[in-house]
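The values are calculated or read from the model by the stated rules, or taken from the named source; none is laboratory data. Predicted model only: the values in this text are computed from it and were never measured. No Cβ is skipped: glycine too gets one built from the backbone with ideal geometry, and neighbour counts run over all protein chains shown.
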Amino acid sequence: MKLTFREFELPLRHVFTISRSSTRTIRTLIVELEHDGLRGFGEAGEDAFYGASIAKMKESLAAVRPVIESRPPCEPAELWAELAPTFRGNTFAQCAWTRRPGTSGARPRAARSGNSGASMRRACR
């Protein structure tokens, strides 16, 4: 498998305001896992309140890259459990590359035409 990640600053159509701030853009990290032409994507946005910066997410993902890229495809839950200690609480980076079973988060999607999420899961076996 190959792990890549890209940073984007996305302009918002409208100003987004919550109690502590307003913004016109959002910084996000898009993560891609590729194997034999199938691609799965995940995403996590930067959030200063939770200490989730793009730099910290990239650092965490770079730390697990050798493990992810050296393994054959597997069920995401297996890899999640193995790598969780390495992320040391950086749940935003962890969310960006996969989805923890039973929680919200980025869901792998097949990017090749005609493939569904089921096709991606079959490719991981």
(message) For the stretch 30-57, give me each residue that is at positive phi and in contact (Cβ under 8 Å) with a residue 24 or more places away in the chain.
(response) ASP36, GLY37
(request) Being in contact (Cβ under 8 Å) with a residue 60 or more places away in the chain and hydrophobic (A, V, I, L, M, F, W, C) is the filter; apply it to the stretch 1-29 and report the residue that is farthest from CYS95 (Cα to Cα). (result) MET1
(request) Looking for whichever is surrounded by 14 or more Cβ atoms within 10 Å (Cβ to Cβ), under 16 Å from the mean Cα position of the chain (by Cα), charged (D, E, K, R) and at pLDDT 90 or above here; the options are ARG65, ARG6, ARG99. Which one fits? (result) ARG65
